[in-house]
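Enquirer: Just dropping this structure here.
Nothing in this text is a laboratory measurement; each read-out follows from the coordinates by a stated rule. As the structure is a prediction and not an experimental result, all values here were calculated from the model. Note that we place each Cβ from the backbone using ideal geometry, even for glycine, and neighbour counts take in every protein chain shown.
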Amino acid sequence: GQQVQQSPASLVLQEGENAELQCNFSTSLNSMQWFYQRPGGSLVSLFYNPSGTKHSGRLTSTTVIKERRSSLHISSSQTTDSGTYLCALEYNYAQGLTFGLGTRVSVFP
Amino acid sequence: EAAVTQSPRSKVAVTGGKVTLSCHQTNNHDYMYWYRQDTGHGLRLIHYSYVADSTEKGDIPDGYKASRPSQENFSLILELASLSQTAVYFCASSLTGGAREQYFGPGTRLTVL
């Protein structure tokens, strides 16, 4: 079946360090999103990025369809970046998202 | 900004009882979705709908029904709740075409005892 692989599963950072999270997918897709899940459970959409590179503050998302991968770069990490980062792909038009298991990020001062 | 609300935010139900989770969106979006999140499985799609009075099965529909009485409202119904349905449930909405970014509600934590 269609799969979404995220790596690493967890990441520990010291405040100020950079990080790169990976999302790999098995077949071509219609769209993809990156989410941040707060420790309390709510989901925040970070990027809708089916292709190319997008920036938002200290975050950068790059999706390369031919290579079947997307990455999320966090620069100058802060303790408030701690949480779980999820990538989600739409394989079939408007038929819902397939989620990866996430990367749990912990940032310490 | 897009708004999706869910009620209740948490619920404790008894095995065999009926549970209804509600979702309301003010985005004027055609598509709505229900997902569940379990430890070890991530979020998985249960049902979705692209128009009022019509619903479609997602990846894990067994044990769930859905109802879309209007564009704004989408309910998830557990006719006979079971222990295995303990999870966090998320509702989402999106546009039909173009950038189909999904907007999520805050989630409902359901515990079946």
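Enquirer: A:Lys66: which lysines have alpha carbons under 24 Å from its alpha carbon, excluding same-chain residues fewer than 8 sequence positions away?
Expert: A:Lys54
Enquirer: Give me the inter-chain shielding for B:33-44: mean count of other chain Cβ atoms within 10 Å, whole number please.
Expert: On the way: counts 4, 1, 5, 0, 5, 0, 1, 1, 2, 10, 12, 4.
Other-chain Cβ atoms within 10 Å of each residue's Cβ, averaged: 4.
Enquirer: Lys/Arg Cβ at +1, Asp/Glu Cβ at -1, dipole of chain B taken about the Cα centre: which of B:Tyr33, B:Cys23, B:Ser84 is farthest positive-ward?
Expert: Sorting the options by dipole projection puts first B:Ser84.
Enquirer: Let me confirm one metric for peptide A:32-41, namely the mean number of other chain beta-carbon atoms within 10 Å of its residues' beta-carbons.
Expert: Working: counts 0, 5, 0, 3, 0, 4, 1, 0, 2, 6.
Per residue, the average neighbour count from other chains is 2.
Enquirer: Taking a cut-off of 25 Å between Cα atoms, list the lysines near B:Lys11, but don't count ones fewer than 8 places away on the same chain.
Expert: B:Lys57, B:Lys65
Enquirer: Starting from the Cα of B:Thr15, move 7 Å in the Cα-to-Cβ direction to define the label point; list residues of segment B:64-96 whose amide nitrogen is under 13 Å from there.
Expert: Inside the label zone: B:81-86.
Enquirer: Quick check on segment B:1-46: take the gyration tensor over C-alpha atoms, sort the square-rooted eigenvalues as a ≥ b ≥ c, and tell me if it's rounded (a/c under 1.5), prolate or oblate. Intermediate values should be presented prior to the final figure.
Expert: On the way: a/c = 2.30, a/b = 1.45, b/c = 1.59.
Oblate.
Enquirer: Further question: Placing unit charges on C-beta atoms (Lys and Arg positive, Asp and Glu negative, everything else neutral), compute the dipole magnitude of the protein assembly as shown about its Cα centre in debye, rounded to 20.
Expert: Using only the charged Cβ atoms, the result is roughly 240 debye.
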